[in-house]
Amino acid sequence: MRLALFDLDNTLLGGDSDHAWGDYLCQRGIVDPVTYKQRNDGFYQDYLNGTLDLQAYLAFSMEILAATSVAQLDEWHRDFMRDCIEPIILPKALALLEQHREAGDQLVIITATNRFVTAPIARRLGVSVLLATECEMHDGRYTGRSTDIPCFREGKVTRLERWMLENGFDLEDSYFYSDSMNDLPLLQRVTHAVAVDPDPNLRAEADKRGWPALSLRD
């Protein structure tokens with residue numbers, strides 16, 4: 001079975017779920033709306049610039065998980081899905097997923113955003129396999145730390161290779177759709193790399209390598 005791999009944020013979604021979760025916390029007054037938003041925006045700009053200190057960002061973004069019960073987090077996430085995620089689900093992205101589903105491909109969402117934020121989104125999109133940055137849990141609560149290899153840059157390749165070995169897949173005739181230059185390590189590994197509404201650096205790279213580019217937003 002052929003693999004069809006999809007980045008999530010700014011690819012299948014018309015926005016960034018990780019950053020949007022931070023905005024949701026600010027808008028609801030769950031965190032300090034001034035200082036938290038300033039840090040959240042700063043980390044997001046670093047991500048766009050390709051200069052993100054991932055460990056610093058994970059410590060920042062997962063702190064709220066450790067401070068809150070899972071039941072409360074799940075309640076917030078239901079609101080977040082309704083108010084923040086549903087409006088940025090792209091009809092063309094749903095159509096692309098369905099196209100690969102009908103072709104008999106194995107769909108995989110592979111994202112740097114943590115599993116707490118993204119697992120309900122993947123379910124909403126009808127994709128059962130999610131490779132994401134993992135959140136450590138202990139005694140039924142989040143610890144505020146990540147575990148395993150973060151699913152970011154080269155880490156996406158490492159996590160995917162392990163998953164393929166465990167599940168009997170390979171990259172023959174594979175597809176990967178992404179918007180971000182951060183995903184270059186994996187884009188270089190697949191048979192069919194597709195730039196989706198790409199950032200300027202990825203657009204230039206796609207042009208240089210002859211990779212197709214498409215928009216799911218227009």
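Here the Karplus relation 6.51 cos²θ - 1.76 cosθ + 1.60, evaluated at θ = phi - 60°, turns the backbone of the stretch 153-162 into coupling constants of 6, 4, x, 4, 5, 4, 5, 5, 4, 5 Hz, with x for every Gly and Pro.
About its Cα centre, the stretch 119-218 has a charge dipole of approximately 200 debye under the convention of +1 per Lys or Arg Cβ and -1 per Asp or Glu Cβ, with nothing else charged.
Both the radius of gyration and Dmax for the stretch 178-218 are 9.1, 28 Å, in that order, over alpha-carbon atoms. Mean-square fluctuations from a GNM of the chain, with a 10 angstrom spring cutoff on Cα atoms, peak among 89, 149, 109 at 149. Its DSSP H runs of at least 4 residues, each contributing -39,500 (n - 2.57), put the calculated 222 nm mean residue ellipticity of the chain at -14000 deg cm²/dmol, to the nearest 500. Using equal-weight Cα scatterers in the Debye expression, the normalised intensity of the stretch 1-84 in log10 at q = 0.12, 0.13, 0.18 Å⁻¹ is -0.40, -0.47, -0.86.
Extending 7 Å from Cα along the Cβ direction at residue 143 and again at residue 173 yields two label points whose distance is 4.3 nm.
Length gained on full extension, residue 1 to residue 71, computed as 0.36 nm times the residue gap minus the Cα-Cα distance: 21.4 nm.
Mean projected area of the Cα convex hull of the stretch 88-216, taken over all directions, amounts to 8.7 nm². With the dipole of the chain worked out from charges on the C-beta (+1 for Lys and Arg, -1 for Asp and Glu) around the Cα centre, which of 26, 61, 12 lies farthest toward the positive end? Among 26, 61, 12, the one farthest towards the positive end of the dipole of the chain is 12. For the chain, the residue among 93, 187, 52 whose Cα projects farthest onto the positive side of the dipole built from Cβ charges is 93. Taking θ as phi - 60° and the Karplus parameters 6.51, -1.76 and 1.60, the scalar couplings of the stretch 82-99 work out to 5, 8, 10, 8, 3, x, 10, 6, 8, x, 5, 5, 4, 5, 5, 4, 5, 4 Hz in sequence order, x denoting glycine and proline.
Projecting the Cα positions of 175, 146, 127 onto the charge dipole of the chain (unit charges on Cβ atoms of Lys, Arg, Asp and Glu, taken about the Cα centre) puts 127 furthest along the positive direction. Helix 54-66 and the longest principal axis of the Cα set of the chain meet at an angle near 50°. Reported to the nearest whole Å, the Cα centre-to-centre distance from the stretch 133-157 to the stretch 1-66 is 15. Of all lysines in the structure, not one lies under 16 Å Cα to Cα from residue 156 without also being fewer than 8 positions from it along the same chain. Each of the peptides 197-205, 162-170 was scored by the mean count of other Cβ atoms within 10 Å over its residues; in descending order, highest first, they stand as 197-205, 162-170. Relative to the Cα centre, the charge distribution of the stretch 62-143, modelled as +1 at Lys and Arg Cβ and -1 at Asp and Glu Cβ, gives a dipole magnitude of about 180 debye. With the Kirkwood sum run over all distinct C-alpha pairs, the chain has a hydrodynamic radius of 17.8 Å. In a reduced charge model with +1 at each Lys and Arg Cβ and -1 at each Asp and Glu Cβ, the chain shows a dipole moment near 100 debye about its Cα centre.
For the stretch 190-205, backbone phi angles converted through the Karplus equation (6.51, -1.76, 1.60; θ = phi - 60°) give residue-by-residue couplings of 7, 6, 10, 8, 10, 8, 10, 6, x, 5, x, 5, 5, 4, 5, 5 Hz, Gly and Pro being listed as x. Think of a 1.4 Å ball rolled over the protein heavy atoms: the stretch 97-218 then has 47 Å² of accessible area per residue.
When the P(r) of the stretch 32-127 is calculated, the portion above 17 Å amounts to 64% of the C-alpha pairs.
When both bridge partners sit in the chain, DSSP labels roughly 25% of those beta bridges antiparallel.
The values are calculated or read from the model by the stated rules, or taken from the named source; none is laboratory data. As the structure is a prediction and not an experimental result, all values here were calculated from the model. Note: ideal-geometry Cβ built from the backbone for every residue, glycine included; neighbour counts use all protein chains shown. To get the accessible areas, we keep the full protein, side chains included, count just its heavy atoms, and leave off ligands, DNA and RNA. Shrake-Rupley method; radii C 1.70, N 1.55, O 1.52, S 1.80 Å.
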